[in-house]
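What follows is a short report on a single structure.
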Amino acid sequence: MKNKGFTLVELIVAIGLSALFLPAIIYVYSFSLRSASQGEGYTQGYALAQEQMEAIYFLKKNSPDWDWTDSSINTNSIEYYQLQNGAGGWILGSKIPKTTLPSEADGYPGYTAIVEVLEVRRDIGSIVESGGLIDDLTRKIVITVSWKENGVPVDIDLISYVSKH
């Protein structure tokens, strides 16, 4: 006589294999969801940093307030700028002490962006961290974008050297 159902041994093997592979499949699925979410966060953060850098290029070209020979535009280790987009275009704004938390970026809820304008020093044409002569025609721009990913702070730094020419 032929059995048309599963035997007890076959059911135990099927349940055992399911117990073995199902958690692995769920782990891989949740890992892919976390990775996609993290990738989206980095993409948004980098887009905001790039937008801020493009605003600096705009200000360099179009702002009468951007005086390359005036070193007072530079920030130091305890201050930063937070660019603002108004009706007439981007403005650099005033320096903000680093003890003041930056506000969220327009169009990027949960993200903040700060801009540092630093002096550049050169020694025989090469950029150096210390020593050398100050290059009044070049500025080091550091854009830092911050957000929280699953409660953990994440930062992206975008650095560029911008010259007057």
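Laboratory data are not the source of any read-out in this text; all were calculated from the coordinates shown. Here the structure is a predicted model, which means the values were calculated and not measured. Neighbour counts are summed over all protein chains in view; Cβ atoms, including those assigned to glycine, are modelled from backbone coordinates with ideal geometry.
Take the alpha-carbon centre of the stretch 129-154, take the same for the stretch 25-82, and report the distance between them in whole Å.
With the stretch 129-154 and the stretch 25-82 each reduced to a Cα centre, they are spaced 10 Å.
Could I have the simple spin-label model distance between residue 85 and residue 154, label points 7 Å from Cα toward Cβ, reported in nm to one decimal?
Between residue 85 and residue 154, the label points sit 2.1 nm apart.
Using amide H atoms built 1.01 Å from N in the peptide plane, name the residues 5+ places from residue 74, or on other chains, whose amide H lies under 5 Å from its own.
Amide H neighbours of residue 74, under 5 Å, 5+ apart: none.
Give the angle, between 0 and 90 degrees and rounded to the nearest 10, that separates the Cα long axis of helix 8-62 from the longest principal axis of the Cα atoms of the chain.
Approximately 10 degrees, to the nearest 10.
With each pseudo-label sitting 7 Å past Cα toward Cβ, what's the residue 62-residue 35 distance in nm, one decimal?
Placing both labels 7 Å along Cα→Cβ, they lie 4.1 nm apart.
Once phi is turned into ³J(HN,Hα) by the Karplus curve 6.51 cos²θ - 1.76 cosθ + 1.60 with θ = phi - 60°, what whole-Hz value does each residue of the stretch 130-135 show in order, with x for glycine and proline?
The phi angles translate into 9, x, x, 9, 6, 8 Hz.
Rank-order 144-155, 7-18 by packing density, defined as the average count of other C-beta atoms within 10 Å over each peptide's residues, highest first.
144-155, 7-18
Under the classification rounded if a/c is under 1.5, otherwise prolate if a/b is larger than b/c and oblate if not, where does the chain fall, given a ≥ b ≥ c as square roots of the Cα gyration tensor eigenvalues?
Prolate shape, in that a/c is at least 1.5 and a/b is the bigger ratio.
Summing +1 for each Lys or Arg and -1 for each Asp or Glu, what net charge is found among the other residues whose Cβ lies under 11 Å from the Cβ of residue 78?
For residues surrounding residue 78, the net value is 0.
List the residues, sorted by chain then number, that are 5 or more residues from residue 135 or on another chain and whose placed amide H is less than 5 Å from its amide H.
120, 121, 122
Pull out the extension gain between residue 78 and residue 46, defined as 0.36 nm times the separation in residues minus the alpha carbon to alpha carbon distance; nm, one decimal.
Working: separation 32, 0.36 × 32 = 11.52 nm, distance 2.38 nm.
Length gained, residue 78 through residue 46: 9.1 nm.
If neighbour count is taken as other Cβ atoms inside 10 Å, put 59, 101, 48 in order from fewest to most.
101, 59, 48
At 0.36 nm per residue, minus the direct Cα-Cα distance, what do residue 118 and residue 99 gain on full extension? Give it in nm, one decimal, please.
Values: separation 19, 0.36 × 19 = 6.84 nm, distance 1.85 nm.
My answer for the length gained is 5.0 nm.
Name the residues whose placed amide hydrogens come within less than 5 Å of the amide hydrogen of residue 83, ignoring near sequence neighbours (fewer than 5 apart) on the same chain.
115
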